[in-house]
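The values are calculated or read from the model by the stated rules, or taken from the named source; none is laboratory data. All of these numbers come straight from a predicted model, not from anything done at the bench. Cβ sites come from the backbone with ideal geometry, for glycine too, and all protein chains shown count toward neighbours. Keep in mind that these areas ignore ligands, DNA and RNA; they rest on the heavy atoms of the full protein, side chains included. Shrake-Rupley method; radii C 1.70, N 1.55, O 1.52, S 1.80 Å.
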Amino acid sequence: MTETTCRGIDVSAHQGTQDWAAHRRDSVAFAFVKASEGEHTHDLSFTAHVRGAAAAGLLVGGYHFAWPNQDPLVEAANYVSAVAESARSIRSFVHWLDLEAYPDSRNYRGRTASQILGWVQTWITTVQAAFPTQKVGIYTSGSDLDAGHVPAGLPLWYPAYPWGAADYARAEAAPQSTYRPLIWQFTDTPLDRSIAYLSEADLRAWAVGETTTIEEDPVPGEVNLGIAKPHTLAAGAWEDLKLTTEWTDSENQHSPGSAIFAAGACRFTGSLSLHIDDLPVGETVQVRMSEYAATKHIADHPIDEVIGTKGGSHHVTPLVKHLARGRTMRVRLLNNAPGPVTVRSAVLTALTWPTN
C-alpha cells in the first residue's frame, strides 16, 4: 500500500468462506463479489461475501459475468435483481461488467466485435439507469480492448498476470499499464488480488462521487407478479396477460388482478418469464408491452416472440422503459398458432424508480 494506491480482492462462491477481518488487517481496502452470470444465474455466496466484507470495513461492489451472445437486457435485469438489496443499502456500492471469453469462447460465439460493443453499451446503460448515483465500470482484458469491444470512458478494471503468484508490494512498485486502468488485477494466485491507482480515501470518494443532493429516490420499488393458474390463450387476437398472483408490490404499481405492472411517472427494468404448452414447433406467441392512459390505448412497444419447441416452450422477455405520469404499462400476448395454447406459468419481476 502506498499513498497513491490501495489493495483489493475479488471473490465468488468458488473461494468459499473468507476471513474478512484478516483481509482488513492485511490492508485490503476493497472487495468485489460475483453476483450473477448470463441471463439467470446468481452466485450463491454473494450476500454472505458482501455482508462480511462490508462489516469488516471494506469498500464493496458486485460483478456480472457476461454472455454477449445472449440478451443484454435480460442479463442486466438478472444482475440488477441480484444486487438490488445490497446496492440500496450501501451508498458506495460499485458495479462491474466482467467481459471475458471462456477458453472455448462459448459466451462470444456467433458475435462480431461491433455486436459485442453494442451489447456492452446496452448492459452498461441499463445498469447505470438502475443505479444512477453509483459507479458502473468494466473488467476486461487487453485483447477485448484491442478488439474494440469496450466503449470509451468507462472505469477500467484490468487483469494481467506478469509473474504468476505475487504480493501487493511487487504490484505497487511496477509501472502502470499503457491501458491506464483504474484497477489492476495482477494475480489470481492464491487469490484474485488487485491494486487501485487511488488511495483508499480517494477510491471511496470516487465511489460515492461528488453528488451531495439526490434529486430522485435511488431506492427502487419492487414488483413480482404471476398467474394463479394456467391460462388458455385463444388463437388470432391480442389478449392482456392478467397477473392474478402478487408476491411483491412495494410501490403499488400493480392493479390487483389486472395486466398492469407499472404506473407512471417511473422508469422500470425487469423481465417476464413464460412457460407455454401446446405451441407447435416453429409457431409463435408474440409478446409486447402496451401503454395506456386510464383505459385508452396509447402505444404498443416492440414485439418479442416465443417460438414453439418440443416439450414446452420457455422464454424470457426483457421489460425496460420510461413511463410518463398518468400512463400504465401492461403485457399483451398474441397466439399465432392455428389452435389454442396454454400459458402454464408467467412470472414478471421488475424494479421501478419514480420520476418527475
* **Scope the stretch 168-180; condition within 23 Å of GLY61 (Cβ to Cβ) and at pLDDT below 95; matching residues** => GLN176, SER177, TYR179, ARG180
* Asked: Pick from SER81, SER92, SER143: which is open to solvent by 30 Å² or more (accessible area, probe 1.4 Å) and either in a loop (DSSP other than H, G, I, E, B) or more than 28 Å from SER273 (Cβ to Cβ) (or both)?
  -> SER143
* Structure fact -> Among (1) farther than 26 Å from ALA82 by Cβ; (2) in contact with a His (Cβ under 8 Å, 6 or more places away or on another chain), LEU334 falls short only on (2)
* Search result, residues across the stretch 46-73 that are hydrophobic (A, V, I, L, M, F, W, C) and either under 15 Å from PRO318 (Cβ atoms) or at pLDDT below 95 (or both) -> TRP67, LEU73
* To do: Specify the residue that is farthest from GLU100 (Cα to Cα); the eligible residues are those in the stretch 176-194 that are among the charged types (D, E, K, R) and in a strand (DSSP E or B).
  => ARG193
* **Any hit, the stretch 217-226, residues being out of contact with any strand residue (DSSP E or B) (no Cβ under 8 Å at 6 or more places or on another chain) and open to solvent by 60 Å² or more (accessible area, probe 1.4 Å)** => no
* **Any hit, the stretch 10-20, residues being part of a strand (DSSP E or B) and either of a type in the set (A, V, I, L, M, F, W, C) or surrounded by fewer than 22 Cβ atoms within 10 Å (Cβ to Cβ) (or both)** => yes
* To do: Would you tally the residues in the stretch 21-39 being assigned to a loop (DSSP other than H, G, I, E, B) and of a type in the set (A, V, I, L, M, F, W, C)?
  => 0
* Which of the residues that make up the stretch 262-303 are closer than 28 Å to PRO132 by Cβ and either surrounded by fewer than 19 Cβ atoms within 10 Å (Cβ to Cβ) or touching a Gly at 6+ places or on another chain (Cβ under 6 Å) (or both)? -> ALA265, SER273, ARG288, SER290, TYR292, ALA293, ILE298, ALA299, ASP300, HIS301, PRO302
* Exactly one of (1) open to solvent by 30 Å² or more (accessible area, probe 1.4 Å); (2) more than 16 Å from ASN69 (Cβ to Cβ); (3) of a type outside the set (D, E, K, R); (4) in a loop (DSSP other than H, G, I, E, B) is unmet by GLN134. Its number? -> (1)
* Asked: Within the stretch 116-129, is even one residue surrounded by fewer than 16 Cβ atoms within 10 Å (Cβ to Cβ), touching a residue at least 24 places away in the same chain (Cβ under 8 Å) and not in a helix (DSSP H, G or I)?
  -> no
* **Subset of the stretch 166-175 (residues that are outside any helix (DSSP H, G or I), under 25 Å from SER143 (Cβ atoms) and open to solvent by 60 Å² or more (accessible area, probe 1.4 Å))** => PRO175
* Asked: Would you call TRP184 of a type in the set (Phe, Trp, Tyr) and surrounded by 14 or more Cβ atoms within 10 Å (Cβ to Cβ)?
  -> yes
* Residue check for GLY57: in contact with a Lys or Arg (Cβ under 8 Å, 6 or more places away or on another chain), buried (at least 22 other Cβ atoms within 10 Å of the Cβ) and not in a helix (DSSP H, G or I) -> no
* To do: Quickly run through the stretch 206-226 and pick out the residues that are aliphatic (A, V, I, L, M) and at pLDDT 95 or above.
  => ALA207
* Within the stretch 254-300, restricting attention to residues that are outside any strand (DSSP E or B) and under 29 Å from the mean Cα position of the chain (by Cα), which residue is farthest from SER345 (Cα to Cα)? -> ALA265
